[in-house]
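The values are calculated or read from the model by the stated rules, or taken from the named source; none is laboratory data. As the structure is a computational prediction, the values presented were derived from the model and not from experiment. Methodologically, a virtual Cβ is constructed for each residue, glycine included, from the backbone with ideal geometry; neighbour enumeration extends over all protein chains shown. Remember, those area values only see protein heavy atoms, side chains included, never the ligands or the DNA or RNA. Shrake-Rupley method; radii C 1.70, N 1.55, O 1.52, S 1.80 Å.
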Amino acid sequence: MSARFEELDWRETPIGLISLRRRWDRSLERDVHEIKLDEEFLMSSLFTVAEVELARLGLAASSAAELDVVVGGLGLGYTARAALEDPRVRSLRVVESLDEVIEWHHRGLLPLGAELTSDPRTRLVHGDFFAMADSETGFDTGTSRRRFHAVLLDIDHSPTHVLDPSHAWLYEVEGLRRLAGHLEPGGVFALWSDDPPREEFTAALSEVFDTVRAHVVTFDNPYTGGESGNTVYTAVLEHPGWSVGESTEPPPG
């Protein structure tokens, strides 16, 4: 059994104090890893079902034989590991804005760190996912205008509850169109949300993508004794996306 509570690391960052802690949950008889931003919980290893489903549902929506995948937000690593379990994945880029979180995985402070950092398909990238989505270079600074088969995003709490106001543009039609410019034809954008499905966001996705679904993912909550739920949106782009800097008018025909 581990110590009842241990703060593994904490750092001051531009967005606040980020901390990693491990505690022993006596009722569940297991270690729980948690990441907090100031006094707000960002993620917990108790609740990872929807993070796994983000990868599973997102990649299941793709018909590609091989997959180059981007994950926005590393966190505890559950979405990244679930993506690697799909044998079609040949490359995985995980974009994380907090270098401290990447360091925790490399140092083995998180349970999945060694597994993720040792997989040759994986690259943990320190960067701003939103700035990359808005740039011509995109998510691979080494290859201009590289397109991907899937982008899986889990950074904000929901399209309307963002961690930073500068993220809000991505969840509007123009922002979604810019992100789609980094996808291959048939590419998938999948998003985790802590809120129930929102009709207005589904409508925005449908302005850009051809097939849109909102999946409600439920899981047992040991603290309430009932079920909790998250939403995973999946959106498939059948036509070529527009690159950043190009006209956003749909191509003729």
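Which numbered condition trips up R23, out of (1) open to solvent by less than 50 Å² (accessible area, probe 1.4 Å); (2) under 22 Å from the mean Cα position of the chain (by Cα); (3) farther than 30 Å from L183 by Cβ?
So R23 meets the others, but not (2).
Residues of segment 157-195 being open to solvent by 50 Å² or more (accessible area, probe 1.4 Å) and either under 30 Å from T13 (Cα atoms) or of a type in the set (D, E, K, R) (or both), which ones?
Passing the criteria: T160, H161, L163, D164, P165, S166, W169, E172, E174, R178, E184, D194.
Tell me yes or no: at least one residue of segment 140-156 is of a type outside the set (S, T, N, Q), under 16 Å from the mean Cα position of the chain (by Cα) and open to solvent by 60 Å² or more (accessible area, probe 1.4 Å). Talk me through it step by step, then tell me what you get.
Taking segment 140-156 and keeping what is of a type outside the set (S, T, N, Q), we get 140, 142, 145-156.
Now drop any that are not under 16 Å from the mean Cα position of the chain (by Cα), which leaves 148-156.
Keeping just the survivors that are open to solvent by 60 Å² or more (accessible area, probe 1.4 Å) gives none.
Scanning segment 140-156, I find no residue that is of a type outside the set (S, T, N, Q), under 16 Å from the mean Cα position of the chain (by Cα) and open to solvent by 60 Å² or more (accessible area, probe 1.4 Å), so the answer is no.
Restricting to segment 138-168, name every residue that is outside any loop (DSSP other than H, G, I, E, B) and either touching a residue at least 40 places away in the same chain (Cβ under 8 Å) or under 20 Å from L59 (Cα atoms) (or both).
Those that are outside any loop (DSSP other than H, G, I, E, B) and either touching a residue at least 40 places away in the same chain (Cβ under 8 Å) or under 20 Å from L59 (Cα atoms) (or both): F148, H149, A150, V151, L152, L153, S158.
Taking segment 21-49 only, how many residues are in contact with a Phe, Trp or Tyr (Cβ under 6 Å, 6 or more places away or on another chain) and hydrophobic (A, V, I, L, M, F, W, C)?
Residues in segment 21-49 being in contact with a Phe, Trp or Tyr (Cβ under 6 Å, 6 or more places away or on another chain) and hydrophobic (A, V, I, L, M, F, W, C): 1 in total.
So that you can scan it fast, the table gives a plain yes or no per residue for (1) in contact (Cβ under 8 Å) with a residue 40 or more places away in the chain; (2) closer than 21 Å to L109 by Cβ; (3) touching a strand residue (DSSP E or B) at 6+ places or on another chain (Cβ under 6 Å):
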position: L37; (1), (2), (3): yes, yes, yes
position: L42; (1), (2), (3): no, yes, yes
position: F47; (1), (2), (3): yes, yes, no
position: E51; (1), (2), (3): yes, yes, no
position: A65; (1), (2), (3): no, no, no
position: V71; (1), (2), (3): yes, yes, yes
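Restricting the search to segment 63-75, which residues are modelled with pLDDT of 95 or more and either closer than 19 Å to S19 by Cβ or touching a helix residue (DSSP H, G or I) at 6+ places or on another chain (Cβ under 6 Å) (or both)?
V69, V71, G72, G73, L74
Quick one: L28 ticks every box in (1) touching a strand residue (DSSP E or B) at 6+ places or on another chain (Cβ under 6 Å); (2) assigned to a loop (DSSP other than H, G, I, E, B); (3) of a type in the set (A, V, I, L, M, F, W, C) except a single one, so which number is it?
(1)
Quick check: is even one residue across segment 182-194 of a type outside the set (G, A, S) and under 30 Å from E7 (Cβ atoms)?
yes
In segment 216-238, how many residues are out of contact with any strand residue (DSSP E or B) (no Cβ under 7 Å at 6 or more places or on another chain) and either open to solvent by less than 10 Å² (accessible area, probe 1.4 Å) or in a loop (DSSP other than H, G, I, E, B) (or both)?
4
Output the number of residues of segment 91-101 satisfying the condition of being open to solvent by less than 10 Å² (accessible area, probe 1.4 Å) and either outside any strand (DSSP E or B) or among the polar types (S, T, N, Q) (or both). Spell out the reasoning first.
To start, the set of residues in segment 91-101 that are open to solvent by less than 10 Å² (accessible area, probe 1.4 Å) comprises 92, 94-95, 101.
In the following step, the residues that additionally are either outside any strand (DSSP E or B) or among the polar types (S, T, N, Q) (or both) were identified as 101.
Residues in segment 91-101 being open to solvent by less than 10 Å² (accessible area, probe 1.4 Å) and either outside any strand (DSSP E or B) or among the polar types (S, T, N, Q) (or both): 1 in total.
Looking only at segment 31-56, count how many residues are under 22 Å from D156 (Cβ atoms), assigned to a strand (DSSP E or B) and not aliphatic (A, V, I, L, M). Full working, then the answer.
Taking segment 31-56 and keeping what is under 22 Å from D156 (Cβ atoms), we get 33-56.
Then drop every residue that is not assigned to a strand (DSSP E or B), which leaves 33-37, 40-44.
Subsequent filtering for residues that are not aliphatic (A, V, I, L, M) retains 33-34, 36, 40-41, 44.
Result for segment 31-56: 6.
Report yes if A131 is without any contact (Cβ under 8 Å) to a residue 24 or more places away in the chain and assigned to a helix (DSSP H, G or I), otherwise no.
On the way: without any contact (Cβ under 8 Å) to a residue 24 or more places away in the chain: yes; assigned to a helix (DSSP H, G or I): yes.
Taking the combined requirement at face value, the residue satisfies it.
Within segment 108-120, take every residue that is in contact with a Leu (Cβ under 9 Å, 6 or more places away or on another chain) and open to solvent by 70 Å² or more (accessible area, probe 1.4 Å) and give me the one that is modelled with the highest pLDDT.
From segment 108-120, those in contact with a Leu (Cβ under 9 Å, 6 or more places away or on another chain) are 109-112, 115-117, 119; that's our starting set.
Now narrow it down to the ones that are open to solvent by 70 Å² or more (accessible area, probe 1.4 Å): 111, 115.
Working: P111: 93, E115: 96.
It comes out as E115.
Step by step: first the residues of segment 53-63, then only those that are of a type in the set (A, V, I, L, M) and over 13 Å from the mean Cα position of the chain (by Cα), then the one that is farthest from P111 (Cα to Cα). Which residue is that?
A61
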